[in-house]
Amino acid sequence: MSIENLKTYDPFAEADDDSGQTKQTQEYIHIRIQQRNGRKTLTTVQGIPSKFDHKKILKVVKKEFACNGTIISDTESKGMGEVIQLQGDQRLKIKEFLTSKDEGLGLDEKTIKVHGF
């Protein structure tokens, strides 16, 4: 009797041994939402290129979206680079800001991935 479907698939096989990140995720900007307690949520933006000043981006976003936010440094985010953390569900607004050529950064929409519910 031959059992052939017992081959296991490792979803983390393509991850680098050093950083734990896959090679594809380093060129994308990931926008995620995290549930806190009750109806409270956090929006995290990861992978914004280092040519942009994260502090200035955060200052503009906080004023424009009327929310609070912070920058999680490289040491706290365990090798994910600098992560911008915003209060509330700001996924669509931050995507529009990143892709807008007039008021935003003018990034390509294909490089942005929105995760969440």
Within the set of other residues whose C-beta is less than 13 Å from the C-beta of residue 67, count the net charge using Lys and Arg as +1 and Asp and Glu as -1. +4
Once the other residues with Cβ under 12 Å from the Cβ of residue 49 are scored (Lys, Arg +1; Asp, Glu -1), what is the net sum? -3
What is the percent of Cα-Cα separations in the stretch 30-102 that go past 14 Å? 59
Within the accessible area of the stretch 20-117, what % is carbon and sulfur when the probe is 1.4 Å and the other protein chains stay in place? 47
So how many Lys-Lys pairs in the stretch 74-117 land under 22 Å Cα to Cα, not counting same-chain pairs under 8 apart? 8
Quick tally, 1.4 Å probe accessible area for 70, 41, sorted with the most first, runs 70, 41
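The values are calculated or read from the model by the stated rules, or taken from the named source; none is laboratory data. Source: prediction; values computed, not measured. All Cβ positions, glycine included, derive from the backbone under ideal geometry; neighbour counts span all protein chains shown. Keep in mind that these areas ignore ligands, DNA and RNA; they rest on the heavy atoms of the full protein, side chains included. Shrake-Rupley method; radii C 1.70, N 1.55, O 1.52, S 1.80 Å.
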